[in-house]
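**Student:** Questions regarding the structure given below will be posed in turn.
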2 protein chains.
Amino acid sequence: MATTEHPTPLAATPINRTVYVGAFAHSKTLKELEICPRGAIGVDEDGKIAFVARDIGSGKEGVQACLREYGWTGAGVVEIADGGEEGGSGFFFPGFIDTHIHAPQHPNTGLFGHHTLLTWLHTYTFPREASLQHLPTAHRIYTRLVHRTLSHGTTTAAYYATIHVPATLALASICLAHGQRAFVGRVCMDRQTVNPDTYRDEGCAEALAKSAECVAGVRERDAGRGLVWPILTPRFAPSCSVDALAGLGAMMKADRGLWAQTHISENEAEVRLVAELFPDATSYADVYDRAGLLNGRMVLAHAVHLTTEEKELVRRRDAKVAHCPASNTALTSGCCPVRELLERGITVGLGTDVSGGYSPSVLEMCRQAILVSRHRAMVGGEGEKLAVEEALYLATRGGAKVLGLESRVGGFEVGMEWDAQMVRLGGVDELGEGELEGPVDVFGWESWEDRIAKWLYSGDDRNTVAVWVNGRLVHKTDWYLQ
Amino acid sequence: MATTEHPTPLAATPINRTVYVGAFAHSKTLKELEICPRGAIGVDEDGKIAFVARDIGSGKEGVQACLREYGWTGAGVVEIADGGEEGGSGFFFPGFIDTHIHAPQHPNTGLFGHHTLLTWLHTYTFPREASLQHLPTAHRIYTRLVHRTLSHGTTTAAYYATIHVPATLALASICLAHGQRAFVGRVCMDRQTVNPDTYRDEGCAEALAKSAECVAGVRERDAGRGLVWPILTPRFAPSCSVDALAGLGAMMKADRGLWAQTHISENEAEVRLVAELFPDATSYADVYDRAGLLNGRMVLAHAVHLTTEEKELVRRRDAKVAHCPASNTALTSGCCPVRELLERGITVGLGTDVSGGYSPSVLEMCRQAILVSRHRAMVGGEGEKLAVEEALYLATRGGAKVLGLESRVGGFEVGMEWDAQMVRLGGVDELGEGELEGPVDVFGWESWEDRIAKWLYSGDDRNTVAVWVNGRLVHKTDWYLQ
């Protein structure tokens, strides 16, 4: 069996200097998407962007002139194939950042029945997660999911694993082996009365010791590469004792390089449960604040039902929000007030929340974030609507800020790492009879803005033909460079 | 150029007696999905189901025993390939019925900007539709779209075309050429003050004459095959004069084989506009009722904002509703009260509403109908929720009833036509490392109900590996019979 604990990681392979040639697009700000129809981005041996040229000449001569200008003759060139007369086209886009995903739940994707959060957890989620005590099962699920998320252009993911230390460390190894940037968190859940007896920590001491073991183990596997990090993961307040939350908060305080993730105010019944279980706290957010967990390194998933006071507390503490629109709708949790959070100055990214969310695609989350914002607009007015460029910002720059990576990934700037995807859109020939190349049809008369809108609304993993993390090619399809 | 007006239609080719072997699923009622893990369905030379065997033996012997039992030895056999140990699996499912789709708008898929209905029509829709006066453009768009919809398992579609007679008749010919069952409607829009000068009928007389011309022309092309039908298509009340609506109503009364389709109460501004334009009518529904258009052969798209009185009028007249969830959300129109319509006894099907909807996939509409029902449930309670089996009913049996085809298609019953799709779901090997075969991952432990839920929530056209209409194979992918 090839499930070794330390496979040779792709992340350790050398990188050749390469220039990426063709159209590119990336967010400048929440409201502004820069689109460059013919650019060239030079990526050095460290996988970092050395230059961004925005107006290179046409043809091979233009590329060679660019290489000469930067003194990069001899570097590799990856150029997007010409879409030709049929209108097909391609562009480079920053890799997506999934700020909230439960890796062990991938096999449960699409299984909801009529449940809402709390009964769904006990019916589908906890039994599935418990099965990852069997390490080969964990390897099978995690390997498949990392393949899947890479194929959707996810270059960075913040993973929840399970309570099991070996399986959690295996997930870190699998991310390194496949070259995906990731935060990997062992789930902490020690409260007897909420968690099932068959799947929980045996008390606070065990919860904290195993959390610490995973922090050390993930760092050991990353070996200073800066690709995979540990993340403290109290499941959600109802799953944890006050002591466990405080213990994790103390770990976070003592170790300024350590991040944390949890859930908050996803569902109204959950909010009531928190009030019952934590009678001393003044709010759900206050439970985390008292534990020392509400700070600039905390990722809060959902944040659907926060009170105004809680939103202000989250903002003051600079805690981040992972917006999970597909999950919030599928589980009938509610509609996160993304516009309000953004206007208050809270940092927001997107999360697939597999398998509360039914898709491992961040592109699908862009679409769902826009649709959920329209449901808010039906009640609250036009201002609630998220635009195409705003959703794409949340999926890239926003997610990077959520995970403290905004100086490293999320856009194409000199000094940032080459975490990117090549997107291709199929053309339609003059008779309309050619093969269907992916789900998007480009007729040739579309502006670049139109093409990106088409990709957002009807694209999928077929359009993501190649993916790079830190300058290394981590996924490609047959359509790449054809 | 291969855009002849009368290509040799696939619909005219002979059909061999064939037995379809493997799992199948179809709706019995709104609430009940029948799943048969190993069945055999015999389809005769007329493309009709001659027998449905629900428990045939395993292996080739089981198939041969079945053929002998029905006296069909020598018939062709199409068997779903064994998913093997990796858990992959397949099943036959009735073809989908799209009860509302604007064929000329396919190139605009995903283009919304910040618009709602009325400004979106003038910015994107009318200019695009006007361009189909150029017949090669119409051929290109319609050919591509019929390819697309077939690839998504749409075996029957109710198409809106444009105001142009030649392009509308071309659409009918293209459906026949590719073997898709369809209603094809020339759009009627003669009101000067709402429609642009560059794209409207020159008065009521022209509107009615061209509508009649298309009715005759579509019937001539179908030549009695019963595959493609004309359908009267007043765009929506604001686009039409009172006289044009009455004229179409009179055509419908005089010709009991003629259907009609239009829009109703999609958007609140539209409802107000109708009240201004038709001061004599007591409601939007009453506008159509006065014109003689509200009857059992009328398909009403959207029906989001109907009053209680209007719903009762629609029910009494037995008019049908095409629910278009993706469009209603994308255009911020509102959430159709599907549960209430069903409980009142109104017939409901699903419509993609390309390009108000951003996808030509009815499977995506099942997903979106479920999600929209959850948005209704967030306000109105659990009863609003549509289940997986209910959404699939609307997409098949429901759509068939909307279009008066319930005795011919929508389920697997003796005497019905073989309008079907073969669905395959990819398996995951023991190491999780194999190729990604389509978007759905089956691990092997899922029940049949789970597999169908996974298909609904995360499947796409890659899973629809073959499609038949009236017993003829009209689409297949490389994965078919592999």
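**Student:** Given the residues A:K401, A:K385, which is the only one that is open to solvent by 10 Å² or more (accessible area, probe 1.4 Å) and among the charged types (D, E, K, R)?
**Tutor:** Numbers: A:K385 fails: open to solvent by 10 Å² or more (accessible area, probe 1.4 Å).
Only one candidate qualifies: A:K401.
**Student:** Here's something else I'd like to know. Can you tell me how many residues within region B:214-236 are surrounded by fewer than 16 Cβ atoms within 10 Å (Cβ to Cβ) and among the acidic types (D, E)?
**Tutor:** Within region B:214-236, the subset surrounded by fewer than 16 Cβ atoms within 10 Å (Cβ to Cβ) is B:216, B:220, B:223-226.
Going one step further and asking which of them are among the acidic types (D, E), we end up with B:220.
Counting residues in region B:214-236 that are surrounded by fewer than 16 Cβ atoms within 10 Å (Cβ to Cβ) and among the acidic types (D, E) gives 1.
**Student:** To continue, here is another question. Could you list all residues from region A:98-132 that are of a type outside the set (G, A, S), without any contact (Cβ under 8 Å) to a residue 24 or more places away in the chain and surrounded by fewer than 20 Cβ atoms within 10 Å (Cβ to Cβ)? Give the steps one after another, and end with the answer.
**Tutor:** The first filter runs over region A:98-132 and keeps only residues of a type outside the set (G, A, S), leaving A:98-102, A:104-109, A:111-112, A:114-129, A:132.
Then keep just the ones that are without any contact (Cβ under 8 Å) to a residue 24 or more places away in the chain; that gives A:114, A:119, A:121, A:123.
The answer is A:H114, A:T119, A:T123.
**Student:** Return yes or no: is B:L371 of a type in the set (A, V, I, L, M), closer than 21 Å to B:H152 by Cα and either out of contact with any strand residue (DSSP E or B) (no Cβ under 8 Å at 6 or more places or on another chain) or open to solvent by 10 Å² or more (accessible area, probe 1.4 Å) (or both)? Full working, then the answer.
**Tutor:** On the way: of a type in the set (A, V, I, L, M): yes; closer than 21 Å to B:H152 by Cα: yes; either out of contact with any strand residue (DSSP E or B) (no Cβ under 8 Å at 6 or more places or on another chain) or open to solvent by 10 Å² or more (accessible area, probe 1.4 Å) (or both): yes.
Considered against the rule, which asks whether it is of a type in the set (A, V, I, L, M), closer than 21 Å to B:H152 by Cα and either out of contact with any strand residue (DSSP E or B) (no Cβ under 8 Å at 6 or more places or on another chain) or open to solvent by 10 Å² or more (accessible area, probe 1.4 Å) (or both), B:L371 comes out as yes.
**Student:** Which numbered condition in (1) modelled with pLDDT of 95 or more; (2) surrounded by fewer than 24 Cβ atoms within 10 Å (Cβ to Cβ); (3) among the hydroxyl-bearing types (S, T, Y) is the only one that B:T154 fails?
**Tutor:** The one condition B:T154 does not meet is (2).
**Student:** Looking at B:D46, B:D55, B:D82, can you tell me which residue is more than 30 Å from B:E129 (Cβ to Cβ), of a type outside the set (A, V, I, L, M, F, W, C), assigned to a loop (DSSP other than H, G, I, E, B) and at pLDDT 95 or above? Even if it seems obvious, please write down each step before you answer.
**Tutor:** Details: B:D55 fails: at pLDDT 95 or above; B:D82 fails: at pLDDT 95 or above.
Matching residue, one of B:D46, B:D55, B:D82: B:D46.
**Student:** Against the condition surrounded by 24 or more Cβ atoms within 10 Å (Cβ to Cβ), within 10 Å of the chain's Cα centre (by Cα) and of a type in the set (S, T, N, Q), how does B:T162 come out, does it pass? Give the derivation first.
**Tutor:** Values: surrounded by 24 or more Cβ atoms within 10 Å (Cβ to Cβ): yes; within 10 Å of the chain's Cα centre (by Cα): no; of a type in the set (S, T, N, Q): yes.
No.
**Student:** Of all residues being among the polar types (S, T, N, Q) and open to solvent by less than 10 Å² (accessible area, probe 1.4 Å) in region B:348-359, which is nearest to the other protein chains (Cβ to nearest Cβ)? Just the residue, please.
**Tutor:** Looking only at region B:348-359, we keep the residues that are among the polar types (S, T, N, Q), and these are B:352, B:355, B:359.
Next, from what is left, pick out any that are open to solvent by less than 10 Å² (accessible area, probe 1.4 Å): B:352, B:355.
On the way: B:T352: 11, B:S355: 9 Å.
Looking at residues that are among the polar types (S, T, N, Q) and open to solvent by less than 10 Å² (accessible area, probe 1.4 Å), I get B:S355.
**Student:** Right, next: Please pick out the residue among B:L436, B:L456, B:L481, B:L473 that is open to solvent by 30 Å² or more (accessible area, probe 1.4 Å), touching a residue at least 12 places away in the same chain (Cβ under 8 Å) and either of a type in the set (A, V, I, L, M) or within 9 Å of another protein chain (Cβ to nearest Cβ) (or both). I'd like the intermediate steps shown before the answer.
**Tutor:** Values: B:L436 fails: touching a residue at least 12 places away in the same chain (Cβ under 8 Å); B:L456 fails: open to solvent by 30 Å² or more (accessible area, probe 1.4 Å); B:L473 fails: touching a residue at least 12 places away in the same chain (Cβ under 8 Å).
When all the criteria are applied, what remains is B:L481.
**Student:** Now for a separate question. Taking region B:133-142 only, how many residues are crowded, with 24+ Cβ neighbours inside 10 Å and not aliphatic (A, V, I, L, M)? Steps first, please.
**Tutor:** Kept after step one, since they are crowded, with 24+ Cβ neighbours inside 10 Å, are these residues of region B:133-142: B:138-139, B:141-142.
Then drop every residue that is not not aliphatic (A, V, I, L, M), which leaves B:139, B:142.
Number of matching residues: 2.
**Student:** Here's another thing I want to ask about it. So, in region A:135-159, exactly how many residues are away from chain B (no Cβ under 12 Å) and farther than 16 Å from A:P360 by Cβ?
**Tutor:** Step one: list which residues in region A:135-159 are away from chain B (no Cβ under 12 Å), which gives A:135, A:153-159.
Subsequent filtering for residues that are farther than 16 Å from A:P360 by Cβ retains A:135.
Adding up the residues that qualify gives 1.
**Student:** Follow-up. Only one of these conditions is not met by B:S89: (1) away from chain A (no Cβ under 14 Å); (2) at pLDDT 95 or above; (3) under 23 Å from B:A395 (Cα atoms). Which number is it?
**Tutor:** All conditions pass for B:S89, except number (2).
**Student:** Follow-up. Just name the residue that is most open to solvent (accessible area, probe 1.4 Å) out of those in region A:439-453 that are touching a Leu at 6+ places or on another chain (Cβ under 9 Å) and more than 7 Å from chain B (Cβ to nearest Cβ). Before you say what the answer is, go through the steps one by one.
**Tutor:** Step one: list which residues in region A:439-453 are touching a Leu at 6+ places or on another chain (Cβ under 9 Å), which gives A:440-442, A:446, A:449-453.
Retained after the next criterion (residues that are more than 7 Å from chain B (Cβ to nearest Cβ)): A:440, A:442, A:446, A:449, A:451-452.
On the way: A:V440: 1, A:V442: 0, A:E446: 13, A:E449: 116, A:R451: 29, A:I452: 3 Å².
Across region A:439-453, the extreme among qualifying residues is A:E449.
**Student:** May I pose another question? Looking at the structure I just gave you, is B:A420 at pLDDT 95 or above, farther than 24 Å from B:Y142 by Cα and more than 10 Å from chain A (Cβ to nearest Cβ)?
**Tutor:** Considered against the rule, which asks whether it is at pLDDT 95 or above, farther than 24 Å from B:Y142 by Cα and more than 10 Å from chain A (Cβ to nearest Cβ), B:A420 comes out as no.
**Student:** Being crowded, with 21+ Cβ neighbours inside 10 Å and closer than 16 Å to B:R191 by Cα is the filter here, so list the residues in region B:242-272 that pass it.
**Tutor:** B:A244, B:L245, B:G247, B:L248, B:T262, B:H263, B:E270 - these are the residues of region B:242-272 that are crowded, with 21+ Cβ neighbours inside 10 Å and closer than 16 Å to B:R191 by Cα.
**Student:** Here's a follow-up. Please state which of the following conditions B:S407 fails to meet, knowing it meets all the rest: (1) more than 14 Å from chain A (Cβ to nearest Cβ); (2) within 30 Å of B:E340 (Cβ to Cβ); (3) surrounded by 21 or more Cβ atoms within 10 Å (Cβ to Cβ).
**Tutor:** Result: B:S407 passes all but (3).
**Student:** Yes or no: B:A12 within 14 Å of another protein chain (Cβ to nearest Cβ) and within 28 Å of the chain's Cα centre (by Cα)? Don't jump to the end; show me each part of the working.
**Tutor:** Details: within 14 Å of another protein chain (Cβ to nearest Cβ): no; within 28 Å of the chain's Cα centre (by Cα): yes.
No; evaluated as a whole, the condition is false for this residue.
**Student:** Among what's in region A:324-338 and is touching a strand residue (DSSP E or B) at 6+ places or on another chain (Cβ under 6 Å) and closer than 15 Å to A:S361 by Cα, pick the residue that is nearest to the other protein chains (Cβ to nearest Cβ). Break it down into steps so the answer makes sense when it comes.
**Tutor:** Of all residues in region A:324-338, those touching a strand residue (DSSP E or B) at 6+ places or on another chain (Cβ under 6 Å) come to A:324, A:326-327, A:336, A:338.
Those still in the list that are closer than 15 Å to A:S361 by Cα too: A:324, A:326-327.
Numbers: A:C324: 14, A:A326: 8, A:S327: 11 Å.
So, considering only residues that are touching a strand residue (DSSP E or B) at 6+ places or on another chain (Cβ under 6 Å) and closer than 15 Å to A:S361 by Cα, the one nearest to the other protein chains (Cβ to nearest Cβ) is A:A326.
**Student:** B:G415: modelled with pLDDT of 95 or more, within 19 Å of B:L363 (Cβ to Cβ) and either more than 14 Å from every other protein chain (Cβ to nearest Cβ) or under 22 Å from the mean Cα position of the chain (by Cα) (or both), yes or no?
**Tutor:** On the way: modelled with pLDDT of 95 or more: yes; within 19 Å of B:L363 (Cβ to Cβ): no; either more than 14 Å from every other protein chain (Cβ to nearest Cβ) or under 22 Å from the mean Cα position of the chain (by Cα) (or both): yes.
Judged against the criteria, B:G415 is not a match.
**Student:** Do the conditions hold for A:L341, that is, is it crowded, with 24+ Cβ neighbours inside 10 Å and in contact with a strand residue (DSSP E or B) (Cβ under 7 Å, 6 or more places away or on another chain)?
**Tutor:** Details: crowded, with 24+ Cβ neighbours inside 10 Å: no; in contact with a strand residue (DSSP E or B) (Cβ under 7 Å, 6 or more places away or on another chain): yes.
Here the answer is no, as A:L341 does not meet what is asked.
**Student:** OK, next. Restricting attention to region B:473-482, does a residue exist that is closer than 28 Å to A:Y142 by Cβ, modelled with pLDDT under 95 and touching a helix residue (DSSP H, G or I) at 6+ places or on another chain (Cβ under 9 Å)? First the steps, then the outcome.
**Tutor:** Within region B:473-482, the first condition is being closer than 28 Å to A:Y142 by Cβ, and the residues that meet it are B:479, B:482.
Pick out the ones that are also modelled with pLDDT under 95 and you get B:479, B:482.
Still in the list and also touching a helix residue (DSSP H, G or I) at 6+ places or on another chain (Cβ under 9 Å): B:479.
Yes; the residues of region B:473-482 include at least one that is closer than 28 Å to A:Y142 by Cβ, modelled with pLDDT under 95 and touching a helix residue (DSSP H, G or I) at 6+ places or on another chain (Cβ under 9 Å).
**Student:** Moving to a separate point now. Does at least one position in region B:6-22 carry a residue that is under 30 Å from B:L342 (Cα atoms) and in a strand (DSSP E or B)? It would help to see each step written out before you state the result.
**Tutor:** Looking only at region B:6-22, we keep the residues that are under 30 Å from B:L342 (Cα atoms), and these are none.
No, region B:6-22 contains no residue that is under 30 Å from B:L342 (Cα atoms) and in a strand (DSSP E or B).
**Student:** Determine whether A:T125 is polar (S, T, N, Q), under 22 Å from the mean Cα position of the chain (by Cα) and more than 11 Å from chain B (Cβ to nearest Cβ). Spell out how you get there, then give the answer.
**Tutor:** Numbers: polar (S, T, N, Q): yes; under 22 Å from the mean Cα position of the chain (by Cα): yes; more than 11 Å from chain B (Cβ to nearest Cβ): yes.
For A:T125, the condition - polar (S, T, N, Q), under 22 Å from the mean Cα position of the chain (by Cα) and more than 11 Å from chain B (Cβ to nearest Cβ) - is met.
**Student:** Follow-up. Mind telling me which of the residues B:V428, B:V362 ends up being touching a Phe, Trp or Tyr at 6+ places or on another chain (Cβ under 6 Å), touching a residue at least 40 places away in the same chain (Cβ under 8 Å), buried (at least 24 other Cβ atoms within 10 Å of the Cβ) and facing chain A (nearest Cβ under 10 Å)?
**Tutor:** Working: B:V362 fails: facing chain A (nearest Cβ under 10 Å).
When all the criteria are applied, what remains is B:V428.
**Student:** Would you confirm, using the coordinates I've provided, whether A:V428 is closer than 30 Å to A:G226 by Cα and not aromatic (F, W, Y)?
**Tutor:** Details: closer than 30 Å to A:G226 by Cα: no; not aromatic (F, W, Y): yes.
Spelling it out, it is not the case that A:V428 is closer than 30 Å to A:G226 by Cα and not aromatic (F, W, Y).
**Student:** Looking at (1) more than 19 Å from B:C335 (Cβ to Cβ); (2) not in a helix (DSSP H, G or I), which is the one condition that is false for A:L386?
**Tutor:** It is condition (1) that A:L386 fails.
The values are calculated or read from the model by the stated rules, or taken from the named source; none is laboratory data. Worth saying up front: this structure is predicted, and the values here are computed from it rather than measured. Cβ: placed from backbone, ideal geometry, glycine included. Neighbour counts: every protein chain shown. The area values use the complete protein model at the heavy-atom level, side chains included, leaving out ligands, DNA and RNA. Shrake-Rupley method; radii C 1.70, N 1.55, O 1.52, S 1.80 Å.
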